[in-house]
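First up is the structure itself, then whatever we jot down about it.
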């Protein structure tokens, strides 16, 4: 097996931290101006091997489900806290307000994205967490799993396209697929090429792109989308700068001009 510089993390000694901000960027370099390849959500683990220049933590993203280690990079150490009690809850709404009190009229402290992890205890119609009060309709038990990854992915329609994004503020194509599959308890790597290699079984690519099913993953070089039905692709894309649905044939003709033809179709 060849090493992948995006995920290779040969460090036996590390400290487990969790993200303490609603979202934290995973940067290529210890510099706020460097590219963001991935994001941590609130409560997500990050294995830290060292603290480097000016308070940047070098480490590896830990998945919200599954066992594969994720991206290696740099996170502002001020957005991390050392690991404590295991979270008991996770955010089940696309974007959940955290209130200052157990009352929907109380001030909102912060918003947390789908998949964020929280500790807390029931307080009437709310969960009293370390961040504040989250309505019980916006959280699930940590062990709960979604039934349909495509239904979850469709909730992101209309959100901005954000390179490296995985939050309710915006996603990229592979971040959308990873987030949706994680919600169903399935392991999934971060990038489109990694997903193409790891997920599902191959489906024949017919000249008219027929024979596809709901939930099939369609891959191009550097891009991935999900079939919503036999003809409709759901994807986050930089052309429209949003997550949307469009006819697969239209998307394929447009994407071929910049990224080439479809490279594979995978059925989960």
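The values are calculated or read from the model by the stated rules, or taken from the named source; none is laboratory data. Note that this is a predicted model, so its numbers are computed, not measured. FYI the Cβ positions are ideal-geometry reconstructions off the backbone, even for glycines, and counts take in every protein chain you see.
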| query | Hey, which of the strands (runs of 3 or more DSSP E) in segment 1-105, taking only ones fully inside, have at least 3 residues that are touching a strand residue (DSSP E or B) at 6+ places or on another chain (Cβ under 9 Å), closer than 20 Å to residue 172 by Cα and not assigned by TED's automatic domain parsing to the domain that holds residue 158? | reply | 23-27, 36-41, 72-76
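So for segment 125-140 (the condition being in a loop (DSSP other than H, G, I, E, B), within 22 Å of the chain's Cα centre (by Cα) and over 20 Å from residue 61 (Cα atoms)), does at least one residue qualify?
To start, the set of residues in segment 125-140 that are in a loop (DSSP other than H, G, I, E, B) comprises 125, 130-132.
This time we only want the ones that are within 22 Å of the chain's Cα centre (by Cα), so: 131.
Add one more test, that the residue is over 20 Å from residue 61 (Cα atoms), and what stays is 131.
Yes, because at least one residue in segment 125-140 is in a loop (DSSP other than H, G, I, E, B), within 22 Å of the chain's Cα centre (by Cα) and over 20 Å from residue 61 (Cα atoms).
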| request: With the checklist (1) more than 28 Å from residue 132 (Cα to Cα); (2) modelled with pLDDT of 95 or more; (3) surrounded by fewer than 18 Cβ atoms within 10 Å (Cβ to Cβ) in hand, flag the one item residue 78 doesn't pass. | output: (1)
| message | Looking only at residues that are part of a strand (DSSP E or B) and within 24 Å of residue 186 (Cα to Cα) in segment 109-124, which one is nearest to the chain's Cα centre (by Cα)? | response | 113
| task | Report yes if some residue within segment 45-60 is touching a helix residue (DSSP H, G or I) at 6+ places or on another chain (Cβ under 9 Å), under 25 Å from residue 180 (Cα atoms) and surrounded by 19 or more Cβ atoms within 10 Å (Cβ to Cβ); otherwise report no. | result | no
| note | By my count, helices (runs of 4 or more DSSP H) wholly in segment 144-261 with at least 2 residues that are under 22 Å from residue 70 (Cα atoms) and touching a residue at least 40 places away in the same chain (Cβ under 8 Å) are 149-154, 173-183, 192-198
